[in-house]
Structures are given as structure tokens and as C-alpha cells.
Amino acid sequence: MDIIVYSAYNQYICNSFSNKFPIIHFNTHRMKKILLPAIAACVCVAPAFGQVYGTTPETAKPFPAAGGWFVPNLEDAPSEAWFKITSPQATPALWGDAPSDYTNPVPAGQQIFVYLCEGGQQAFQMNEGSDAYVLMPGQEYLVKITPKVAGFFGMSPANPLPASRFEGKEKYYPISVSSEEFGQTRTIAAGETQWFELTVPYATQITTNYMMAPVLAVEKIEAIHIDCHGATNTGSGLMGPYVKAGKNVVGFTASADAAATFQIGYNAMLTLNCGNNLLRGQSLTIDAKNTYPDAYYTVDRYFTVPEDGTYTFINHGAKGTILSIGKIKLTDPENQYAYECDWNDIKDATVGNEDATIVVNDLVAGEKVLVQSDAFGVIGEGPDNLPYLMVVKGDVSGIDEIAADNNGLKVNASNGRLRVESVLLASGAEVAVYDTMARKVASAVAAEGSENLEMNLDVASGVYVVVVYGKGNSESAKISVK
């Protein structure tokens, strides 16, 4: 066993260096005459070089409490060293290293990368592309160091930022707002931006109403979800940004022409979800598209099973969006709105190049199904391609249980074309074609007043379902393409 002995004097030198140069990177080759004794003293209190870091995110080790990570030479250094770190400060604090130390005439480039998790969003920076980060209190971070220069990385401790200079003025030092303070009236000067930290209990939409009216003087609202795979939504005083549940940093910017007086609030109708009066919110109905915001956002819907059978649930959303299916248990026969969400037998599917679909067998009439969409991106194509949830009756082998009321619907497919005749077309209905996996393979919208519609149908041989979505009604029929 190696025993490291150091004196109180050496510890004093090390602490003095850290205090004097809170963010430093020493190059031992260029400054060894001046700094080598002090660096050697600091190294004495640190763990051995090969014991302090992980080689992958999964093996990341706590960042050395002695003040930093010492790289004696690049020859023995790993290409990547992984650490975990949590700021001990009660307020936002600066931590990191210089992009290159002042003993190197050529900048070394970025060497420290700090994330909320592997593959997740990066920690806030005062200057993007630098090696200095602002750590939020109580938040654990994953640190990757790719050493390009030998020396000493890091600082101890993280330096708290002065509230008088930064609080509310920068997104990395937001003003913390409790739920009791949401209704407080706030004023920001023309052209000014103020940042707040909100812990949101439910996915919802931020509002800035004042005296019951939207505040148009707030020209921009930016909401950043502080989560591993968090993202940013934007909006304005007229239409605020959507936010996911949890910690969000929200910035309000006033118009350059006028100050803005407002109250931070939520859109109450959009807080109806699994944890908050879900059964008073939106329900899904057979063959009808239930659109939801094209945003980094989570929505909960429910579906009441109309008759026994198998049903296919569809999520048309941005790539990476997760469709989840659970059950809703009614807990009070005397209260139709008393329920609890049951995720014990959850089913998941993820949107890829095709819509996400989940088939659930043996559903019983009257059962309530919980349907959730958790988006991690946006489609970004505007109102012509909004995300939606939909339920069709049938199974994955052919949707063979679809109830087709074909009295007024005639379809014919041949030579790569589909002809549809229906009284519903007159309302400007959409015609959609689904394959046996309940994936939409073609669609078109009829002109208002039309009695028929012809569209391209370039698909492989097989069985398909044609659905005409009229206003308040729909018709469907199966076709065989050869």
C-alpha cells in the first residue's frame, strides 16, 4: 500500500493557490521553476493519477475534493476522463478551467464538458465554448475532460456568483419563485429580460395575464426545462411557451418600446393530466385525430372503451416522442371523476421514421385507458403537420375489426390511384390510408363541396384501411391492393 505523507505547510500552500487562482490551468513545463514546488504540494493531497477518474460515463468518479485533477503529462493521460460533481454552494457558482492557460501562446481549445447526464443538455455557461460553467445548487453534473495540455484542471471550491450582479439578469442565476409567489405583479423595463426559476407541478403553458388580459408588451418568453434531456420552448405574452413538469428556467423579455407589467401563471385547462383532474380533460374518440402542441411537452389523454375488442393507439409526433399506454382505475362509484392512474402494466413505443403504435387486446367496454405522449422534439412543419393521438379499433395483423359504415362510402384502388366517393368529402374532409401496422401511408384533403377525390396510392401489395374524416363523423373501409 502506498502511503502519502504531507505537512500542514504543504496543505496551506495548496489552499492558498486555489484561493488566489480559483480558475487556473498550470503548465508545469513552462512554469516549473516558479510553480513546481507549489504544484507538487497540491499533488500530494490528491489521489493517485490513475485512481481518480472514470473512462466512461458509467464509470465516472466524484471530482477530486482536493481541488482538481492533475495531469502530469499527456503521454499517460486518457483521451477522456469522466467525473461527477455537485456544487456545495447554496447559489449558482462558477466552476471549471480556463480555455487555455496564460503560459500557452496558442489556445488549447475546449477541454471540459459538463452535462446534466450522458447525451443530455449541457450546463449553463457564461461564455459558450469555454471551459467555465455555472453549476446550479443541488444539481449533479457529469463532467468529461479531454486533456490537450498537461497541468491542473479545476478549482476548489466552486465560486458563488454575486447576486447583486447576476440574479434575475442571466439565465444561469434565475430568481427562484415559489408557487405562492406566482400571482405577484412584476414589472420589467422596455427591452429588459428577467429570468425566473419555476418548479412546475404539471405540464402546462406559461401565461403572463394582467387584469385578465394577455400582456402584449412581453414580446418573448423562453422556457428551458432543467432535465437530462431537457430542451427550450419559446412563446410570447399572447401565447406563452409550453413547459414540462419539474424545474424550468423562464426568461421574460419586454418589447423595446414599452415596459411590461404581468403576473406569472399557468393555462389551467392544460394542467389537466394524470396527476390533476385528468377525467375533466380531453378524451380520445375512435378514428379522430386529437392534436397536441408541437413542442417539447407532455400530454395525457384518456380513452373510454366503447365496446369489447382490440384497439390500436397511434402517436403521430416528432421523432423520439414516446407513446405510453396505461390504465385508469375509478376509485369511487359515486364520483365519475375520482380515479387513479395505473402504470403497472405500461406499454411503450417510440416515434421513429413512422408513427408510434401500440395494440392493446381484450379491452372491455367501459374501461378507461390512459394515453400519454412525451415529446423530446418538434415536427416543425406548422399547422399542416401537427402531432396528434388517435385510436382505431382493430389489431396489428390487419385492423380487421374496424367498424365500417360503408352505406355512403365507395373506394376503388387500381394502377397506383385511389378513388373515394363519400358525402363527407363536401366538408373538406381528409382521406387517410393506413397499413396493417396502423401506420399512415397516404393522405389527401378534399376540396369543399367535393363528391369524390382521387389521390396517388403508391404502396406495396396488401390490405389497407381507408378512413374519411368528416366534421363530427368518419367512415372507413378496407381495400386490397395487388
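The values are calculated or read from the model by the stated rules, or taken from the named source; none is laboratory data. Fair warning: this is a prediction, and the values are worked out from it, not measured in the lab. No Cβ is skipped: glycine too gets one built from the backbone with ideal geometry, and neighbour counts run over all protein chains shown. Areas reflect the complete protein model, heavy atoms only, side chains present, ligands, DNA and RNA absent. Shrake-Rupley method; radii C 1.70, N 1.55, O 1.52, S 1.80 Å.
Only one of the listed residues (I314, I264) is open to solvent by less than 10 Å² (accessible area, probe 1.4 Å), closer than 16 Å to I206 by Cα and at pLDDT below 95. That residue is I264. Among the residues of region 414-440, the ones that are within 18 Å of F313 (Cα to Cα) and touching a Leu at 6+ places or on another chain (Cβ under 8 Å) come to 1 in all.
Being within 30 Å of Y266 (Cα to Cα) and either at pLDDT 90 or above or open to solvent by less than 40 Å² (accessible area, probe 1.4 Å) (or both) holds for only one residue in A108, A132, A123, A150, and it is A123. For residues that are in a loop (DSSP other than H, G, I, E, B) and in contact with a strand residue (DSSP E or B) (Cβ under 7 Å, 6 or more places away or on another chain), scanning just region 122-135, find the one that is farthest from G230 (Cα to Cα). In this case the residue turns out to be D131. Looking across region 267-289 at every residue that is of a type in the set (V, I, T) and surrounded by 16 or more Cβ atoms within 10 Å (Cβ to Cβ), the one that is farthest from K368 (Cα to Cα) is identified as T271. Selection of region 420-435 for residues being open to solvent by less than 10 Å² (accessible area, probe 1.4 Å) and of a type outside the set (F, W, Y) yields V420, S422, L425, A429, V431, A432, V433.
Yes or no: A438 at pLDDT 80 or above and not in a strand (DSSP E or B)? Answer is no for this residue.
With respect to (1) open to solvent by less than 50 Å² (accessible area, probe 1.4 Å); (2) assigned to a loop (DSSP other than H, G, I, E, B), the lone exception for I221 is condition (2). The set of residues from region 236-261 being of a type in the set (A, V, I, L, M), closer than 22 Å to M211 by Cβ and buried (at least 22 other Cβ atoms within 10 Å of the Cβ) comprises V250, A254, A260. Within region 290-311, which residues are assigned to a loop (DSSP other than H, G, I, E, B) and buried (at least 20 other Cβ atoms within 10 Å of the Cβ)? If the condition is that a residue be assigned to a loop (DSSP other than H, G, I, E, B) and buried (at least 20 other Cβ atoms within 10 Å of the Cβ), then Y292, D294, A295, Y296, Y297 are the ones that fit.
For Y202, the criteria (1) at positive phi; (2) touching a helix residue (DSSP H, G or I) at 6+ places or on another chain (Cβ under 9 Å) hold in every case but one, which is (1). Residues in region 344-363 that are within 27 Å of V378 (Cα to Cα) and without any contact (Cβ under 8 Å) to a residue 24 or more places away in the chain: I346, K347. Which count do you get for residues in region 196-208 that are assigned to a strand (DSSP E or B), open to solvent by less than 50 Å² (accessible area, probe 1.4 Å) and not charged (D, E, K, R)? Residues meeting the conditions: 7.
Selection of region 160-195 for residues being of a type outside the set (V, I, T), in a strand (DSSP E or B) and under 20 Å from A256 (Cα atoms) yields R186, Q194, W195. Count of region 317-338 residues, restricted to those that are open to solvent by 40 Å² or more (accessible area, probe 1.4 Å) and touching a residue at least 60 places away in the same chain (Cβ under 8 Å), is 1.
With respect to G138, is the statement that it is in a loop (DSSP other than H, G, I, E, B), on the phi > 0 side of the Ramachandran plot, open to solvent by 30 Å² or more (accessible area, probe 1.4 Å) and out of contact with any Lys or Arg (no Cβ under 9 Å at 6 or more places or on another chain) true? Spelling it out, G138 is indeed in a loop (DSSP other than H, G, I, E, B), on the phi > 0 side of the Ramachandran plot, open to solvent by 30 Å² or more (accessible area, probe 1.4 Å) and out of contact with any Lys or Arg (no Cβ under 9 Å at 6 or more places or on another chain). Would it be correct to say that R186 is closer than 28 Å to G265 by Cα, of a type in the set (K, R) and surrounded by fewer than 14 Cβ atoms within 10 Å (Cβ to Cβ)? No. Listed conditions (1) open to solvent by less than 20 Å² (accessible area, probe 1.4 Å); (2) at pLDDT 90 or above are all met by E80, apart from (1).
Name the residue that is farthest from P293 (Cα to Cα), counting only residues in region 226-235 that are at pLDDT below 95 and open to solvent by less than 50 Å² (accessible area, probe 1.4 Å). For region 226-235, the residue satisfying everything is C228. For region 392-430, residues that are closer than 17 Å to G462 by Cβ and either touching a Cys at 6+ places or on another chain (Cβ under 8 Å) or modelled with pLDDT of 50 or more (or both) total 11.
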